Each structure stands twice: as C-alpha cells, then as structure tokens.
Amino acid sequence: MRDGELEKLLSRVSRPSRYLGTEWNAVHKDWEENPARMAFIYPDLYEVGMSHLGLAILYGAVNERAGMLMERAFAPGPDLEALLRQNHIPLFSLESHRPLYEFDVLGFTLQYEMSYTTILNILDLAGIPLLAGERTAAHPLIIGGGPGAANPEPLAPFFDAFLLGDGEEALPELLALVADLKKKGTINDRRRVLQTIAGLPGFYVPSLYEVKYNDDGTVAEVVPREKGVPARVSKRVIPDLDTAYFPTRPIVPFLEVIHDRIMLEVMRGCTHGCRFCQAGAIYRPVRERDLALLLRQAEELVRHTGHEEISLTSLSTADYSRVEELAQTLTAAYADRGVSISLPSLRVDAFSVRLAEAVQRVRKSTLTFAPEAGSQRLRDVINKGVDEEDILTATAEAFRAGWQAIKLYFMIGLPTEEEGDLLGIVHLARRILDVGRKLAPGGRPTVTVSVSSFVPKPWTAFQWEPQDRIEVIKRKQEMLRRHLKGPGMKFNWHEAEVSFIEAVLSRGDRRLSKAIAAAWRRGARLEGWTEHFNFTLWEEAFRETGIDPAFYAYRPRRDDEVFPWDHLDFGVSKAFLKKERRRAREGRVTADCRSGRCSGCGVCPGLGVDLILKGGSPGHAV
Amino acid sequence: MRFRIKYRKGGWTVYLGHLEMLRLWQRAMRRAGLPLAYSRGFNPHPRLSFGPALAVGIEGLAEYLDVELAHPLSDEEIKERLGAELPVGLELILVLSVPEGAPALTSVINAAAYRVSWDEPKDAETIRERVSALLAAPVIEVVRSSKEGTGVKDIRPGVYRLDVLDNGFLDMLLECSAKGVVRPEEVLQALALEGTYRLTRTGLFIRQNGRLLTPEEFVEPPSPARGRHRSAVTRR
Ligand code: SF4
C-alpha cells in the first residue's frame, strides 16, 4: 500500500498507533536482499498479539539471520476492516505495509480456539483462498504453530503445514528451505514443496494424510497418503534453553498492550501434572534458564526497552528452583531505576506469598491463587497438589502482609464433580473472607471467586471426559452466584457457550472445518472479545453443515478410541495419560517430577531430552 | 533539575495520542539512562510535564515537554543520549535547563500557531476576502459539543491572527491556554472553506504585552517581589 493511502485510512480509525510498524526495536529489513519472507500473524487485535512472548522470540530469531525476514500482522479493528473492505485494500504487514499475499510464508499462532474464525477472516482480508487445496504457487504458504497445533485437525483444510513444539530453531530452518527452493526455482511446484516440508522435523503437512472414519463417526485411523511421509510427527524441543535464542531487543509498543512489560522467560514447561492442563503436558519437560544468564538478559532488556516492569514468566514461576535469588537480585538492582518486578502465576502456598511480598513493595493490587476445585477430594482427582491448610495459610499470610483483595480461580464441571464440591468453593471462599476480616489491615477485605468451565483438552488425562452440558453449567453458576453474595464477596464466571465451542474445537476432527468456515461466513470474528462472540452464529453454522457439536463436547470417549491427534507426538504417552485417568478416578495424586521421582510420562526418553533444574532440589517446600 | 525539551512530532508519530507520547518519552528517557526524578507515593512515576496536547493526526513542528532529573547533566549530553532513543518521526530540537520554580508549560503557554495547507490549489484572493470579512465581524459563533452538551461559542476573542500566503495556505494564531482553546477546524468552518487539507501546528507561544515569546525564551521564574511574571529573558 502507498503511504498516502494508509494515512487516509489511519486518520479515520480508532487507535491508529496499532498499524504504524515503526515502534522502537521494530526491524525493517531490505525486501530484495532477503529472499525468504514471512509474516507472523497473531489472529487478534494488536493489544493482544503484542503481549505474546512467542512473537517476540520468533521475530528476533528470524530477523537476526541473513537471507530471511519476518514482519508482523494482526487482526484489524472492526473500523479498519470495514475501510479495507470498502476500498478493496488487502490486509498488510506492519513493517513494510505490503499486502500479506506478497510474503512467502504466513505463520499464524494458534493460542486459543476462539481465534479460529479470525484466521479465516484474515486470509479473506488478504485476498487468499481459505482452502489450502485452492491455493497455487502464487500464494503464500500458510502455517500454524503454538498450543493449537496440539490438535490442529479442525483447521487442517485451511493450512499447508503446522509446526509442533518450539519454533526458534524450526522456523529459520523452514525459511532457509524456502530460500533454497526459490533459488532452485522449484518453489512453484506446490506439491514438491509440501513434500519437502513434511521431511523437516516437527512439521506436519495435513494434506499428506488421510483420515478414515468408523460408522459411528469416530476416527478409524489417520495414515500418510504417500511413501516418505512420516506416520507420526514429533514436536520440536530445544533441549537446553540457555543455548536458545532469546530476544533482548523486543519491540516496545506505542499503545498500551495487555501485558505492557518485559517478559523474562525463566523456564519452559511445568512439572505439576494437573490432569486438566494441556500446557503442562505439551511443553514438557521443564527446562530452567541459568540464573546468571537471566540477570544478564534482564539488564539488556531494561536498557533496550525502557520498560518499567519485568515479569518473570513461565507456567509456574514460583517453581523455578532459584526464584528467590532471582527475584531478590532483580528487585535490589532495579528499585531505584523505577523498574518493578512481577510474578504472573503463583502457587497457593506461603512461599509464593513471601515471594510476591519480596518483589512487590507496594501492595495495591490483587493477589491471585488457583485452588481450581473446592474440595480436597476433587483437588486430588485433578492432581492439584495443595490442601485446604496450604490455601488458608497462604491467604492468611497475604492478608497479614497487607493485601486487601484475593482472587481465587476455580473450574466447574470437572470429572466426578458433585454438589458438595461446588459448596466447597463457597465454604472455602467464606473461610478466606473470615480470615481476611481478622487479619487484613482495615478489616475490609474482598474475595473474588472466578469460575471457568472445564474444557477437556487433548494430551491430558481428561481427554476422554465429557464436558458438562451448557444448561448444567449455567445451573451450577447460578447456584454459586446465589451463595457468593454479600459484602466483600465477588463472583465472576465464564460464558458457558464459549467454553462449549472451545470444547468442540479442541477435540475436533477435520470435518469441523466446515462449521468454522460457516460461522465465519455468518460474521464470527474476534471471538475472544465478549462483545464480538455470538453463539447464534455457531448454532446456525452447525445446523447448516449438519455437524452435531454434542458429539465432540458431550460424548465420553471410549477407552480405546483413536483420536484425531493420535498421529502427532507431543511426547506424553497415551499409556501414561490412561494411567493418570485411572488414578484420577481413584483420587490418587501423582508426584511432581521435580521431587526426583519420574512419573514416567514418556517425554524425556521419548524425545531424548532431560528435565533441567538449575538449583538442585527445590529448597522451598513449605 | 528541570530541563525543557523542544521537539518535532512528525512522520508516523503524528498518530500517537497524548498518553502514548507520555509512555514513549518515559521509556526513551530510561533507555537513554537519564537520572529521572520520581514522584513520591505508592506508585512512583517520573516527573514529566507536557505542553498543550496535540490532536492525533496533526504534525507539530515545535512541541515542548519538561522533565525533572535527580542530578544535572549538560544540555548537550541529554540531547545526544535522548535523541538516539527516539523512534523515526520524533526529532529532538533543543534541550535547555530551566530554573527552579519556573512556571509549568501549561500555565504559561496561551497561543498556538497552525498552518493549513490545501491538497489542491486555492485562490489566495478569495481566501483573503473571507478572512478579512471574518476578522471584521465582532462575533464568530461556532457550534461546539462537549461532555456537557452542544452549545454555541464565540471564538472571536481567541482568533489572534490569520495570514493568507500567496499559495493560498493559511497561517493562524489561536488561543490555546488553560482557560480556553480555539480549534483550527472551527476557524475553517467559520470561513466556510471546503476541500482536503493538512494541519500543522507550527509553534506554541506565550503571548504577553503584545509580544510573542517561545517557551524556550520564557524560562525565568516568577519574581515574588512584583507578584507577576517578569518578561522573559532570551537565551543566546
Ligand atoms: S519423563 Fe519423567 S522426568 Fe521427564 S517430564 Fe515426564 S515425568 Fe518428568
């Protein structure tokens, strides 16, 4: 697009600073000198996409290499979308303002199911055919990665390839291959290109696989269509994060984004093994970063961004074996430079509270804990390794330390849940509020109970379990709402319909792609935003395509059922998950592999990697 | 130590709003390693104060901000270090130390100059005629909507100067103070001039006793003895 044209659009949209591409540390590489060109696309608004650490990592990892470049694109706001459509202007990248169809590769990150309709909308806005089979050599290769690649089947017909697992090495490999094919002139043979990509470790090319179904509609098998295509595709793992590329010059956005701070990734993976948690499973094994390296990275990040906050990120930062030392060193180093330290995810224990206290000199904000279930029985079923005492001690400590507001995350609709478990949520919240009344300075604490609905996810022990029906979830929410009233008590819940669509898509197969396309055609997009989600569009889409969503969300899976993602390999073995499922039903907990007792999930031997802890055993057991 | 910074806001940065500019400067100053002075209290923040906000989409040729530093640096050093940390489009023009107790930018700036440049050529004579007619009118009423509702406002006292250039471009000097603001679009509306144009804020001034001073000229603290601002001392 010519700049004059863009200027005319920008003066007519809200938050034009989303679309400039000239933020501090943005990379503008020469188009001609870099023959392999990729756009990284986060299928949501800029504010959400720029809060994603993966984007910063891959953007740097590709752009630091010669011969390739990566630019960014996001979903336009509804106002810009309308202007683009009216004026027949194709969606563009931020850095060079070029139409997305001019790139060789468009890479979508699949962070959550509710962005799938936005992906189709972006392809459409870019003037690219939605179906991979309808695209030619003139079109970019459309690839996807991130947690959604744990089961990419509902998106399979729209994508040329998916990357499973860590991308900082795999993506430059793909782009090097693209550069090579362009040089040889074979890039125009789409079939050959896809076959070659299928030969790269970690890349899954869905069109090279055939899905066969049983009469009852379940998957019979997924098999390669031709020789030379691997029967199973394994995820990529960076074995040692200390050697992995890490961006110390991330882009500093102009407008306020959701996570507007330095993200210092202290480790990858989580050892807790909560039985509902997909992230905990697919990012295994835990790999910690070296403390000295982290301190160096923090220093560079502060110098190159000017941010006022460093967030120590990971799935469970309090687990990092040298977290106290890290938090204290950083707090001391940056206190007088106006840079604060924050911890996004905390365990429910006293150690975590002390940690939060150490870094947060001003306790104005809310402290958040996730007990997940209201009764000990159910917490054992889901393998959440905390008991009521832990929770009460931790919250008491928090009130005593000066926090006024505690937020508690729970999940409802978990397997084996009964009314008593729900009343347990009420009971626990009330007890915590009572503790707060005694201990909180001022004596006017608030307890917020935030309840999401259980979504069974692939690669978890609960992947066989049905989801509660929408009416049942609503009844449970209503019951909690009635009980969680009164001064100091707040209650939030997730829309049951959104969780239902998530459940349908997360364990779906290729046939669902038709429903996604139909929902998009009826106007679905930006569905991560409550004001844009419209359940009616989905109901109509299912009716139109003859797809029964209940088959995916509500049906208990047979023990020996073949899943649509069984030909993919994220390391965790199905046998282990079955065992975990059995133990869940028996209410038996499984030890954290940090304790030194490997629970045999299969990741380390299967992928030839190791658990990497930097401080020996965790010295903070409370 | 307080420093006054004069800068140009151009290129793509014209699309940045006031809050975005605040964050941008804070971060640029941290990257530059300036020894920022922080406010006390629960949530310490650097002490920055800006001149009158510039509407999104308008280029500013001479914008201002003041910053408090914990210990002094030379004007040149600030200019060099900070200048290197600004995104494309923002340009540092001047850094000047400001005496302790000098009045804040927003409390002294009271006039803004704008240039209207038309996309397609206009006949300068026609515009001149309309301008003279407008300036001859004792009252110029425009419709103004605010949070309180829509009302009619007389902007005549805040229209200080209108000059038509030979190519038809229009220079305006309008009130821009804590007490009131006349928007250039309102003047164009009163002149009934159609067509597409580009607006540039060419300067911010202190209009005092018939003189126009720039904020870099007006840096002296108020003299308590006389109880009013001394007229400014021009540096250099
Ligand atoms: S294989 Fe053992 S040590 Fe490795 S992640 Fe799985 S449970 Fe932990």
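Of note:
- Criterion applied to B:Val131, B:Val116, B:Val143, B:Val187 was being among the β-branched types (Val, Ile, Thr), over 19 Å from B:Leu61 (Cα atoms) and assigned to a strand (DSSP E or B), and the one residue passing it is B:Val143.
- Yes/no for B:Glu77 being of a type outside the set (Gly, Ala, Ser) and more than 12 Å from every other protein chain (Cβ to nearest Cβ): yes
- Per-region count, region A:534-579, residues within 16 Å of the ligand (Cβ to nearest atom) and in contact with a Leu (Cβ under 9 Å, 6 or more places away or on another chain): 3
- Taken together, the residues in region B:4-13 that are facing another protein chain (nearest Cβ under 9 Å) and surrounded by fewer than 22 Cβ atoms within 10 Å (Cβ to Cβ) amount to 1.
- Of all residues in region B:23-44, those that are outside any loop (DSSP other than H, G, I, E, B) and crowded, with 17+ Cβ neighbours inside 10 Å total 10.
- All positions within region A:267-299 that are more than 12 Å from the ligand (Cβ to nearest atom), part of a loop (DSSP other than H, G, I, E, B) and either buried (at least 21 other Cβ atoms within 10 Å of the Cβ) or polar (S, T, N, Q) (or both): A:Cys274, A:Arg275, A:Phe276, A:Cys277, A:Arg289
- Cross-chain or 6+ apart pairs with Cβ under 6 Å, region A:597-613 first and touching a residue at least 12 places away in the same chain (Cβ under 8 Å) and hydrophobic (A, V, I, L, M, F, W, C), then within 6 Å of the ligand (Cβ to nearest atom) and in a loop (DSSP other than H, G, I, E, B): A:Val603/A:Arg284; A:Val603/A:Pro285; A:Cys604/A:Pro285; A:Val609/A:Pro285; A:Leu611/A:Pro285
- For region A:216-249, a residue qualifies if it is in a loop (DSSP other than H, G, I, E, B), away from the ligand (no atom under 16 Å from the Cβ) and open to solvent by less than 30 Å² (accessible area, probe 1.4 Å), and the qualifying residues are A:Gly217, A:Thr218, A:Val229, A:Ala244, A:Phe246, A:Pro247, A:Thr248.
- Residues satisfying the stated conditions in region B:97-140, i.e. among the β-branched types (Val, Ile, Thr) and either over 25 Å from B:Ala178 (Cα atoms) or within 14 Å of chain A (Cβ to nearest Cβ) (or both): B:Thr126, B:Ile127, B:Val131
- Annotation: of all residues in region A:24-55 being in contact with a Pro (Cβ under 7 Å, 6 or more places away or on another chain) and buried (at least 21 other Cβ atoms within 10 Å of the Cβ), the one that is nearest to the other protein chains (Cβ to nearest Cβ) is A:Trp24.
- None of B:Ala102, B:Ala111, B:Ala178, B:Ala137 is open to solvent by less than 60 Å² (accessible area, probe 1.4 Å) and modelled with pLDDT under 90 except B:Ala102.
- Beta carbons closer than 8 Å, at least 6 apart along the sequence or on distinct chains, never pair a first residue in region A:511-530 that is surrounded by fewer than 24 Cβ atoms within 10 Å (Cβ to Cβ) with a second that is part of a loop (DSSP other than H, G, I, E, B) and at pLDDT below 95.
- Of the criteria (1) of a type outside the set (Asp, Glu); (2) facing chain A (nearest Cβ under 9 Å); (3) surrounded by 14 or more Cβ atoms within 10 Å (Cβ to Cβ), which one B:Leu19 fails: (3)
- Answer residue from region B:45-69, given it is open to solvent by 70 Å² or more (accessible area, probe 1.4 Å) and facing chain A (nearest Cβ under 10 Å) and is modelled with the lowest pLDDT among those: B:His45
- Selection status of A:Ala170, open to solvent by less than 20 Å² (accessible area, probe 1.4 Å), farther than 25 Å from A:Ile516 by Cβ and of a type outside the set (Phe, Trp, Tyr): yes
- Verdict on B:Leu94 being surrounded by fewer than 18 Cβ atoms within 10 Å (Cβ to Cβ) and away from every other protein chain (no Cβ under 14 Å): yes
- Per-region count, region A:355-396, residues open to solvent by less than 20 Å² (accessible area, probe 1.4 Å) and within 14 Å of chain B (Cβ to nearest Cβ): 0
- Any chance A:Val257 is more than 16 Å from the ligand (Cβ to nearest atom), away from every other protein chain (no Cβ under 14 Å) and in a loop (DSSP other than H, G, I, E, B): no
- Criterion applied to A:Cys593, A:Cys598, A:Cys604 was being more than 25 Å from the chain's Cα centre (by Cα) and either within 8 Å of the ligand (Cβ to nearest atom) or within 14 Å of chain B (Cβ to nearest Cβ) (or both), and the one residue passing it is A:Cys598.
- Filter result for A:Val302 (open to solvent by less than 20 Å² (accessible area, probe 1.4 Å), more than 14 Å from chain B (Cβ to nearest Cβ) and either more than 24 Å from the chain's Cα centre (by Cα) or among the hydrophobic types (A, V, I, L, M, F, W, C) (or both)): no
- So A:Ala318, is it over 19 Å from the mean Cα position of the chain (by Cα), surrounded by fewer than 20 Cβ atoms within 10 Å (Cβ to Cβ) and away from every other protein chain (no Cβ under 14 Å): no
The values are calculated or read from the model by the stated rules, or taken from the named source; none is laboratory data. Values in this document were obtained by computation on a predicted structure and should not be read as measured data. Note: ideal-geometry Cβ built from the backbone for every residue, glycine included; neighbour counts use all protein chains shown. Keep in mind that these areas ignore ligands, DNA and RNA; they rest on the heavy atoms of the full protein, side chains included. Shrake-Rupley method; radii C 1.70, N 1.55, O 1.52, S 1.80 Å.
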